[in-house]
Amino acid sequence: MAILFFTPVVAANVSLANPNQNFGPAEILLVGRSVIPEDIFRSLLQFDISAVPPESVITNATLRLFLIDKEASIVQPLQINRLLSDFSQNTVTWNNAPAFEPTPFSALLSDTNENNYIYVNVTGLVQDWYLGAPNNGIGLTTIESETSLMRFFGYEDGIVSLWPTLIIEFESAIGA
């Protein structure tokens, strides 16, 4: 079995309170509703998985994020959504962000997850991309009806070990 680690090729935040403003590339990924002002943030990420060799079988894929902090002391989901069209981190805004569909991939986060890595199994999604489904990236969301803002490290902060990472485990189908 082999393992590859991928950092994002693009990352951006979008903000409901600033629907025409671009917030990319993102050093900090924001997800959820903030306290003041009441604003909703979503984060968009895209990973280029073309380095996975042809004729491979992806056996596991994990999204690793570093949770800096949460504004609300509640247990809340981090939902991984499939983006339905492409986007540019330099021009994406709330108003032109791609539509998305929820996936079954999520994690429940509490205060004990702060200042730690969190891991979300996204195997089915990455397998779909590898088999030819459009890889437009993912959108990160959480509860948007109450205070729920979470902050994750993005990929422009210079500390590579804290960047979002897609970890793909695979086996070569050649000779199997």
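The values are calculated or read from the model by the stated rules, or taken from the named source; none is laboratory data. What you are looking at is a predicted structure, and each value in this text was computed from that prediction instead of being measured. Virtual Cβ from ideal backbone geometry, glycine too; neighbours counted across all protein chains shown. All accessible areas refer to the heavy atoms of the entire protein, side chains included, with ligands and DNA or RNA removed. Shrake-Rupley method; radii C 1.70, N 1.55, O 1.52, S 1.80 Å.
A few notes on this one:
- Any hit, the range 126-138, residues being within 19 Å of Ala12 (Cα to Cα), touching a strand residue (DSSP E or B) at 6+ places or on another chain (Cβ under 6 Å) and part of a loop (DSSP other than H, G, I, E, B): yes
- Test: residue in the range 79-97 that is among the small types (Gly, Ala, Ser), assigned to a strand (DSSP E or B) and over 20 Å from Asp39 (Cβ atoms): no
- As for the range 46-56, it holds at least one residue that is in a strand (DSSP E or B) and within 16 Å of Phe152 (Cα to Cα).
- Of all residues in the range 50-101, exactly one satisfies the criterion of being free of Cβ contacts under 8 Å to residues at least 24 places away in the same chain and touching a strand residue (DSSP E or B) at 6+ places or on another chain (Cβ under 6 Å), namely Glu101.
- In the set Pro53, Pro37, Pro102, only one residue is open to solvent by 30 Å² or more (accessible area, probe 1.4 Å) and in contact with a Phe, Trp or Tyr (Cβ under 8 Å, 6 or more places away or on another chain); that residue is Pro53.
- Any hit, the range 66-89, residues being under 23 Å from Thr7 (Cβ atoms), open to solvent by 70 Å² or more (accessible area, probe 1.4 Å) and of a type in the set (S, T, N, Q): no
- If you go through the range 105-141 and keep only what is within 27 Å of Ser56 (Cα to Cα) and either acidic (Asp, Glu) or exposed (fewer than 14 other Cβ atoms within 10 Å of the Cβ) (or both), you end up with Tyr119, Gly124, Asp128, Leu131, Gly132, Ala133, Pro134.
- Boolean, Val31 is assigned to a strand (DSSP E or B) and among the aliphatic types (A, V, I, L, M): yes
- Every residue from the range 158-176 that is part of a loop (DSSP other than H, G, I, E, B) and surrounded by 13 or more Cβ atoms within 10 Å (Cβ to Cβ): Trp163, Pro164
- Among residues of the range 142-166 that are under 14 Å from Leu63 (Cβ atoms), none has a beta-carbon under 7 Å from a residue that is open to solvent by 70 Å² or more (accessible area, probe 1.4 Å) and basic (Lys, Arg) at least six positions away or on a different chain.
- Condition met for Asn60 (surrounded by fewer than 20 Cβ atoms within 10 Å (Cβ to Cβ) and part of a loop (DSSP other than H, G, I, E, B)): no
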